[in-house]
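Just so it is clear, none of the values below were taken in a lab; they were calculated from the coordinates. Keep in mind it's a predicted model, so treat the numbers as computed, not measured. Note that each Cβ is placed from the backbone with ideal geometry, even for glycine, and that neighbours are counted across all protein chains shown.
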């Protein structure tokens, strides 16, 4: 019996393997397209004027929350990348008001196909937890009474500097014709008595039983949404005890 041996040169086998290896790389594109939002720097909230991280980009650090944008950017955001360790909250209205969307740390979001957010985003903030997106009380300075046009401290804020009223001699403020507040934070060391008249007087009537109620009181340090019964606040005074309310 004749045995035939086939000898394969080691050098030829290595050459063939190298040729196959190199050919695999030849089919790859020379310059792969960048991934969406890939240009957003670390520790940054990036807002884009186009979808999927395209168009003009605006960058904000994790310490840059804005209650409103300038005219050149207001309502221009169509996509966003939250490249921070915080939650990002974006709002339809200025002052963290109106409808809102939240973006988890490291995530991105799209707004072009959403009828409520397409071309409407007007403010944003970065916060340690998602729950913080639903309130705006933290804007109120110490030792002030702050009123807000929306519930839970959201919307436009008015900071009231306590002053002694010359007529009543009470430490308070009259609101004039400004919009009645829907929420309030009392950051003073006194209690606050709210009234339906600009002269620190008046009462509210419950339509259910026609019962009358006097001042709406917010204790020192408290924040609250104004109940529907007390809609139409026009003035307040600061007192040492609630029995001092008019």
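Under the 0.36 nm per residue contour assumption, what length would be gained going from the current alpha-carbon distance of residue 39 and residue 112 to full extension? Can you show the working numbers first?
Details: separation 73, 0.36 × 73 = 26.28 nm, distance 1.98 nm.
Gain on extension, residue 39 to residue 112, equals 24.3 nm.
Assuming R0 = 22 Å, what is the FRET efficiency of residue 220 and residue 180, from their Cβ-Cβ distance, to the nearest 0.05? For residue 220 and residue 180, the calculated efficiency is 0.50.
Distance between the modelled labels on residue 208 and residue 240, one decimal in nanometres: 3.7 nm (7 Å Cα→Cβ projection).
At R0 = 25 Å, how high is the FRET efficiency between residue 68 and residue 151 if r is their beta carbon distance? Nearest 0.05 is fine.
Result of the calculation: an efficiency of 0.85.
Evaluate E = 1/(1 + (r/R0)^6) for residue 85 and residue 52, where r is the Cβ-Cβ distance and R0 equals 22 Å; express this FRET efficiency to the nearest 0.05. Let's see the in-between values first.
Values: r = 23 Å, r/R0 = 1.05.
Efficiency at R0 = 22 Å is approximately 0.45.
Across region 141-246, the fraction of Cα-Cα pairs farther apart than 18 Å, rounded to a whole number, is 42%. Taking other Cβ atoms within 10 Å as a rough exposure proxy, 130, 139, 154 sort from fewest to most as 130, 139, 154.
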